[in-house]
Amino acid sequence: MKHPDSLFLYVQSPKTSAEFFSRLFESPIVEASENFAMIALPSGQTLGLWAARDVSPKPTGPAGGFEIGVTLETDAQTDEAFAQARAMGARIVQDPVVLDFGYTFVLASPDGHLVRVFAPR
């Protein structure tokens, strides 16, 4: 089987989420409709944002339970990303901190999906 190339998040408003992630990841919205939007990431992967009310088949478990990870090379880059996230008004759920795997902070999307930014140790 081929490696995964897309990630889909279930959201309340694909438009609101697409605008948020487009700004956060500095990536273009390449598809947008009332129930779905897609962002093209520089890695070649895509981030799909699907209206939760329209997902088929319906999810069997609660939303959440995972994080989108953004790996940076240095603590300074992590601090810069933190400043950018705050400047755009992102909801910060964990301020920068050193954990066993590296220097990290976490922000939440409008729907509460988590994005962990970190520089590994």
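To the nearest ten degrees, helix 75-87 and the longest principal axis of the Cα atoms of the chain are 50 degrees apart.
Compactness of the chain was expressed as the Cα radius of gyration divided by 2.2 N^0.38 Å, which yields 1.09. Across the options Leu72, Leu49, Pro59, the greatest Cα extent toward the positive end of the charge dipole of the stretch 39-87 (unit charges at beta carbon of Lys, Arg, Asp, Glu) belongs to Pro59.
Counting 0.36 nm for each residue step from His3 to Asp100 and taking away their Cα separation leaves a gain of 32.1 nm.
When only DSSP loop residues count, what chymotrypsin sites (Phe, Trp or Tyr not before Pro) in the stretch 11-66 have their Cβ near at most 16 other Cβ atoms within 10 Å? Walk me through the numbers on the way to the answer.
On the way: sites: Phe20, Phe21, Phe25, Phe36, Trp50, Phe66; in loops: Phe66.
Loop-located and lightly packed - Phe66.
Label sites at Lys15 and Phe66, each approximated as a point 7 angstrom past Cα along Cα to Cβ, lie 2.8 nm apart.
Helix 14-25 and the longest principal axis of the Cα set of the chain meet at an angle near 30°.
Restricting to DSSP loop positions (anything but H, G, I, E, B) with no more than 13 other Cβ atoms inside 10 Å of their own Cβ, which trypsin sites (Lys or Arg not before Pro) remain in the stretch 1-102?
On the way: sites: Lys2, Lys15, Arg23, Arg53, Arg86, Arg91; in loops: Lys2.
Answer in residue order: Lys2.
Bear in mind that the values in this text are calculations on the coordinates, not laboratory data. Given the structure is predicted, the values throughout are model-derived calculations rather than measurements. With ideal geometry, Cβ positions are generated from the backbone for all residues, glycine too; neighbour counts draw on all protein chains shown.
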